[in-house]
Amino acid sequence: MTGADAAGGAVDPLARELAELAADAPPDLLDRFAARRVGVRGPLREGPLEELQVAFTDHGVAYVRAGMGEREFAEAFRARFARPLLPAARPPAGLVPALRTGRPGGLALDLRGLSDFEAAVLAAAARIPRGQTRPYAWVARQAGRPRAVRAVGSALGRNPVPLLIPCHRVTRSDGALGDYVFGADAKERLLRAEDVDVEGAAELARRGVRLVGSDTTGIVCYPTCGDARRIAPGHRRGFGDLAAAVAAGYRPCLHCRPG
């Protein structure tokens, strides 16, 4: 058959050429020119994160966006990655629970194309535990660029796989939640769903409290750190910065590493 299949329909030229190869196509051939797309339910049952579009390759999940139809998502993916999308029969194993729990586990991510700085920023954000937050300055320090706080915000804004790399857990030092690729409302709802005390953190920030220490252990933490949550109210001490805490005889938590 040349130019038409048995039913008389047109044959895709690429499909015809592949069929005429003398040897089987290499297993990674599809990944060389296209990625796959699937729609999944998001972690929130209403609002912008109710439905998600996800693109993935043989290397892992490459792009996650909310509030887009299939066509808009495909256009956005092509504009950023210069590759077309093909529909997939099913999502990659582990994708749905990872999106809903905020714990990627062993789910592979395809982050090719990031700059070294962007990769370092996303690696730092990925280390923030569920139910906790860290300021942009913390991410900058962890990425090895302590003065690049604004650049950190830009890198997080370009995060290709939000939710899987939890940039919603990065907030401003003044207590405000800060920007988010899916909007401030979605960011707040995600944090609340993870049991972050949004109001409590904001109130501490309004009082100038950036760190919380225990006068029994002499350790100081970020307010949302798991260790800070266990400090009894009568033993909590607030500090404006790490220097003040150290001057008072406290040492930084080894888990949240305040700075």
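The values are calculated or read from the model by the stated rules, or taken from the named source; none is laboratory data. Note that the structure is a prediction, hence the values are computed from the model and not measured. Please note: Cβ atoms are built from the backbone with ideal geometry, for glycine as well, and neighbour counts cover all protein chains shown. Quick note on the areas: whole protein, heavy atoms, side chains included, nothing else; ligands and nucleic acids left out. Shrake-Rupley method; radii C 1.70, N 1.55, O 1.52, S 1.80 Å.
In segment 209-237, the residues that are more than 23 Å from ARG169 (Cα to Cα) form Cβ pairs under 6 Å with partners that are open to solvent by 60 Å² or more (accessible area, probe 1.4 Å) and part of a loop (DSSP other than H, G, I, E, B), at six or more places apart or across chains, as follows: HIS235/ASP215; HIS235/THR216; ARG237/ASP215. For the condition open to solvent by less than 70 Å² (accessible area, probe 1.4 Å), at negative phi and either modelled with pLDDT under 90 or of a type in the set (S, T, N, Q) (or both), LEU49 qualifies. Of the residues screened, TYR136 is one that is over 24 Å from ARG41 (Cα atoms), of a type in the set (Phe, Trp, Tyr) and open to solvent by 20 Å² or more (accessible area, probe 1.4 Å). Residues that are assigned to a loop (DSSP other than H, G, I, E, B) and touching a residue at least 24 places away in the same chain (Cβ under 8 Å) were ranked within segment 90-108; the one that is most open to solvent (accessible area, probe 1.4 Å) is ARG90. When PRO166, PRO162 are checked against the criterion of being closer than 21 Å to GLY113 by Cβ and in contact with a strand residue (DSSP E or B) (Cβ under 9 Å, 6 or more places away or on another chain), a single residue qualifies: PRO162.
Quick one: how many residues across segment 165-185 are surrounded by 22 or more Cβ atoms within 10 Å (Cβ to Cβ) and among the aliphatic types (A, V, I, L, M)? Result for segment 165-185: 2.
Summed over segment 162-179, the residues that are out of contact with any Gly (no Cβ under 9 Å at 6 or more places or on another chain) and modelled with pLDDT of 95 or more give a count of 2. Of all residues in segment 115-145, those satisfying the criterion of being touching a residue at least 40 places away in the same chain (Cβ under 8 Å) and among the hydrophobic types (A, V, I, L, M, F, W, C) are LEU122, ALA125, ALA126, ILE128, ALA137, TRP138. Looking at the structure I just gave you, is ALA186 among the aliphatic types (A, V, I, L, M), in a helix (DSSP H, G or I) and modelled with pLDDT of 95 or more? When the stated conditions are applied, ALA186 does not pass them.
The criterion of being over 22 Å from ASP195 (Cα atoms) and assigned to a loop (DSSP other than H, G, I, E, B) does not hold for PRO129. Quick check on segment 189-205. Is at least one of its residues of a type in the set (Val, Ile, Thr) and part of a strand (DSSP E or B)? No, segment 189-205 contains no residue that is of a type in the set (Val, Ile, Thr) and part of a strand (DSSP E or B). Restricted to segment 64-88, and to residues there that are in contact (Cβ under 8 Å) with a residue 24 or more places away in the chain and among the aliphatic types (A, V, I, L, M), the residue that is surrounded by the most Cβ atoms within 10 Å (Cβ to Cβ) is VAL64.
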